[in-house]
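Comments concern the structure below.
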Amino acid sequence: MIRIVLAFAFLSVFAACSPKVTTEFATPEDIRFLERPDEKVKRSPCNDPLSYVAHPELIRMKTIRVNLHFMNSADGRHNMPKEEATAYARDWIYASNSNLDKNMKMFLPHGNDTPVLPIPYRYVITPDPDIPGDEGVYYHIDDELCYVVKKGRERNISDKRIIQKYAVRDDSVLNIFMQTHHLDSIPSPTYSASTNGISMGSSVKIFGQWHKKPSVWDSRGIVNHELGHSLGLAHTWGGYDGCDDTPPHPNCWNKTNTPPCDTMYSNNMMDYNAHMGALTPCQIGKILLNMARPGSIQRNITEAKWCTLDTSATITVTDSLALECAYDCEGNIIIESGGVLQITCRLSMPEGSTITIMPGGKLIIASTGYIHNACGDAWDGIVLVQEKKAKGILEVIDGGRIDNATYTRVSEP
Ligand SMILES: [Zn+2]
């Protein structure tokens, strides 16, 4: 009811400002239904990572929910004291996020001009709202699961029991487990007790010497690397990772004076190197594509900011804009005179939002396109503005859909 009142208020304000201008929610009579063009089926741009970075100005900052688990033994030798855990966790996530603030220019290929886009996500430690006083940082005493052995008969890096036993809300929060290398293995000259880890979907295990409380600045790269795997990225040196802007290389740790590591050293986040600070446009696009896929792990651990209307996130289209990626809009959309917006994939509009088409503006919903609300709610619909004979144009190509719109009902003629 409130929404209906608001809608009428919205319409009457428009009308009051200028008697020549009328506004109305689109009806089936307003829609130009067009035949699907007879064209060859090619790979859908909706599944191409580069489609997701084609309009960097439209990329919204995403928030990834994380929590952290400090594992220790009953004798206290496998991790830092419990009193220090929460502050360490906060510092560590802060340091990891600060790396994301400064995407590096790629070192490879040598002399490249690959663009440097901002990295569009950050982590936030997320408590369980059902646990009073919870801080999203957990401390477990477990003599069996507090340590990791990376090789040999006792190898247990992919043991899932720690996740099964201790994960908290791993359907919507990425769980980070901290295990220390077995104390008997650390002194061995043949065992590398460096900081590394493994991604297991919505949980990652990070191995280190946590009892020595290493600097968070030394271990920030591994958080971004392992969480990068959970966000859907592969190593770039080990074979084709699905991106053309991440060339293969010998995985040098750092620059040396002799080939191949004099020029073929990488700084990509998804390699093992001293920097782990660069993500390419294709890698960022892959992450955004995964986050836009309903039901994916990457989407489930991301805060659904697109479910609440944020009018400061309004998109104004003044030119031609072909949106060839799935997109979760956080605000309204206004298509100005001369603006043409084409929707080729999924477009989600927040509850209570509108798409306004001004006279001389046009919205085209392609045969593969649809507009909906991805949160199980309804959005308001498409508003057409008319001034004299000029009116906003709405075209729907056969197969295109407008779903969950309260005031825009679409039925084929
Ligand atoms: Zn890795």
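On inspection, Leu289 fails the criterion of being modelled with pLDDT of 95 or more and within 16 Å of the ligand (Cβ to nearest atom). Restricting attention to the stretch 338-373 and to residues that are farther than 19 Å from Gly392 by Cα and among the charged types (D, E, K, R), the residue that is surrounded by the most Cβ atoms within 10 Å (Cβ to Cβ) turns out to be Arg346.
Please tell me if Asn251 is within 16 Å of the ligand (Cβ to nearest atom), in the same structural domain as Asn175 (by TED's automatic domain parsing) and modelled with pLDDT under 95. Yes; evaluated as a whole, the condition is true for this residue. With a requirement of 3 or more residues that are over 16 Å from Val66 (Cα atoms), away from the ligand (no atom under 15 Å from the Cβ) and of a type outside the set (A, V, I, L, M), the strands (runs of 3 or more DSSP E) lying completely within the stretch 133-244 that satisfy it span 174-181.
Scanning the stretch 270-284 turns up one or more residues that are within 15 Å of the ligand (Cβ to nearest atom) and part of a helix (DSSP H, G or I).
Within the stretch 227-241, residues that are within 15 Å of Asn273 (Cα to Cα) have Cβ atoms under 9 Å from residues that are more than 10 Å from the ligand (Cβ to nearest atom) and assigned to a helix (DSSP H, G or I) in these pairs: Gly228/Gln283; Gly228/Ile287; Thr236/Gln283, counting only partners at least 6 apart in sequence or on another chain. Only one of the numbered conditions (1) surrounded by 17 or more Cβ atoms within 10 Å (Cβ to Cβ); (2) assigned to a loop (DSSP other than H, G, I, E, B); (3) under 25 Å from the mean Cα position of the chain (by Cα) is violated by Lys105, and that is (1). Scanning the stretch 205-222 for residues that are touching a strand residue (DSSP E or B) at 6+ places or on another chain (Cβ under 8 Å), under 22 Å from Asn267 (Cα atoms) and among the hydrophobic types (A, V, I, L, M, F, W, C) gives Ile206, Phe207, Ile222.
Within 23 Å of Asn47 (Cβ to Cβ) and in a strand (DSSP E or B) - does that describe any residue in the stretch 372-380? Yes, because at least one residue in the stretch 372-380 is within 23 Å of Asn47 (Cβ to Cβ) and in a strand (DSSP E or B). With the requirement that a residue be in contact with a strand residue (DSSP E or B) (Cβ under 6 Å, 6 or more places away or on another chain) and among the β-branched types (Val, Ile, Thr), what does the stretch 56-113 give you? Selection gives Thr63, Ile64, Val66, Thr86, Ile93. When the stretch 326-337 is filtered for residues that are open to solvent by less than 10 Å² (accessible area, probe 1.4 Å) and either hydrophobic (A, V, I, L, M, F, W, C) or in the same structural domain as Ile287 (by TED's automatic domain parsing) (or both), the ones remaining, listed by number, are Cys329, Ile333, Ile335.
The values are calculated or read from the model by the stated rules, or taken from the named source; none is laboratory data. These figures come from a predicted structure and were not determined experimentally. As a convention, Cβ positions derive from the backbone with ideal geometry for all residues, glycine included, and neighbour counts pool all protein chains shown. We work out accessible area using only protein heavy atoms, side chains counted, and drop any ligands, DNA or RNA first. Shrake-Rupley method; radii C 1.70, N 1.55, O 1.52, S 1.80 Å.
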